[in-house]
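Here the structure comes first, spelled out in C-alpha cells, and everything after it is commentary.
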Amino acid sequence: MTATTPPPRLEIRNLVRRFDGQPVVDDVSLSIAPGQVTCLLGPSGCGKSTTLRMIAGVDLQDSGTIHVDGKLICDTVFRVPPERRAIGLMFQDFALFPHLSVGENVAFGLKGSDKRGTAKRLLDRVGLAHFIDHFPHHLSGGEQQRVALARALAPRPKIMLMDEPFSGLDNRLRDGIRDETLDLLKEEGAAVLLVTHEPEEAMRMADEIALMRAGRIVQQGAPYNIYNSPADKGAMAFFSDIN
Ligand code: ADP
Ligand code: MG
C-alpha cells in the first residue's frame with residue numbers, strides 16, 4: 001500500500017484575469033492546507049481582491065484552475081456556483097443585518113434544527129454570547145466584527161477568504177481581535193487566505209506569506225524567511241516600515 005498525501009484544501013493554479021486586455025492577476029498559483037493561514041500581501045491595486053473574488057466565484061478567471069480538496073471547482077468551462085463552494089467570506093465592510101439580532105445574524109443561512117445552539121457556541125467563542133438577543137447597533141465596531149467572524153464560520157466553511165477585515169478597526173482593538181480571530185480559525189481548521197497591504201499584519205498572522213506585486217506573486221514562504229531574505233529591492237522596501 002502506498003501512503004497518499006492528502007491534496008491541499010485550496011489550490012489555485014496559473015490564475016489570470018485581464019481587464020481591458022491588461023492582466024491584473026497574472027499567473028498566480030497558491031496552495032493552502034487545512035488549518036493554514038496564508039497572507040496575500042501587497043500594495044493597493046496589485047490584484048489581491050480580484051484573486052479572492054475568483055476563488056469566491058463572484059468573478060471568473062480568463063485562465064487557470066481552482067481545486068478544493070483535489071476536486072476541480074472552477075476552470076474556464078466548468079464552474080461550481082459561489083454558494084456551493086463551502087467558502088466563508090469576511091470583508092472590512094461586511095455589515096451585519098441591522099434588523100436581525102446578533103444570534104439571528106450568526107445563524108442566518110444555516111440549515112437544521114439547532115441553529116441557535118450553533119450561534120451560541122460561536123458567540124461564546126468570541127466572548128459575545130451575552131449579546132445573542134441584542135441588535136447589532138448596540139455593539140461596538142470591534143464587537144460587530146467578531147459577530148461577523150462568528151457568522152462567517154457558522155456554516156463550517158472549508159476555506160475562509162478575508163479581505164482586509166481588520167482595516168476599519170482602531171489600533172487599540174485590532175491586535176486583540178486579530179489574535180482572537182486567528183485562534184478561532186485554527187480551531188475550526190479552515191484553510192485561510194487573508195488579504196492585507198500591511199506587512200505587520202501578515203507577519204503577525206501568517207503561516208506563509210505570498211508577496212504580490214503588479215498581479216504576480218514575487219516571493220512566497222514563511223514570514224521570517226521573507227522578512228530576513230527579501231527576494232528583491234521591492235520586497236525589501238515593502239517590509240522596511242515594520243519596526
Ligand atoms: P487590490 O485588492 O490589491 O488593491 P484589486 O484586485 O482590487 O487590487 O485591483 C487590481 C487592479 O484591477 C486595479 O488596478 C483595479 O483598478 C483593477 N480592477 C479591479 N476590478 C476591476 C474591474 N471590474 N474592471 C476594471 N478594472 C478592475
Ligand atoms: Mg483590495
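Read-outs throughout are calculated quantities, based only on the coordinates presented, and are distinct from any laboratory measurement. Treat the numbers as computed from the prediction; the structure is a model and nothing was measured. Cβ sites come from the backbone with ideal geometry, for glycine too, and all protein chains shown count toward neighbours.
Some notes on this structure:
- Ordering of 35-41, 119-125, 178-184 by packing is 35-41, 119-125, 178-184, highest average first (other Cβ atoms within 10 Å, averaged per residue).
- Springs between Cα atoms under 10 Å define the GNM used for the chain, and in it the highest mean-square fluctuation of Phe108, Phe91, Phe78 occurs at Phe78.
- Between segment 190-243 and segment 149-183, the alpha-carbon centres lie 19 Å apart.
- For the pair Leu110 and Asp207 in one chain, pulling the backbone fully straight at 0.36 nm per residue adds 31.9 nm over the alpha carbon distance.
- For the chain, the longest principal axis of the C-alpha atoms and the axis of helix 171-188 are separated by about 90°.
- Förster radius 25 Å - calculated FRET efficiency between Arg79 and Arg121 (Cβ-Cβ, nearest 0.05): 0.15
- Estimated [θ] at 222 nm from DSSP helical runs (n ≥ 4, -39500 (n - 2.57)) normalised by residues in the chain, nearest 500: -9000 deg cm²/dmol
- Result for the chain in a Gaussian network model with C-alpha springs under 10 Å: among Lys48, Lys233, Lys115, the largest mean-square fluctuation is at Lys233.
- Cross-link reach is defined here as a Cα-Cα straight distance under 27 Å, omitting same-chain residues fewer than 8 places apart; for Lys71 the lysines meeting it are Lys48, Lys111, Lys158, Lys186.
- Degrees between helix 115-125 axis and first principal axis of the chain (Cα, 0 to 90, nearest 10): 70
- Across all directions, the shadow cast by the convex hull of segment 164-223 built on its C-alpha atoms averages 4.4 square nanometres.
- For the chain, the relative contact order is 27 percent, taking Cα pairs closer than 8 Å that sit 6 or more residues apart in sequence and dividing their mean separation by the residue count.
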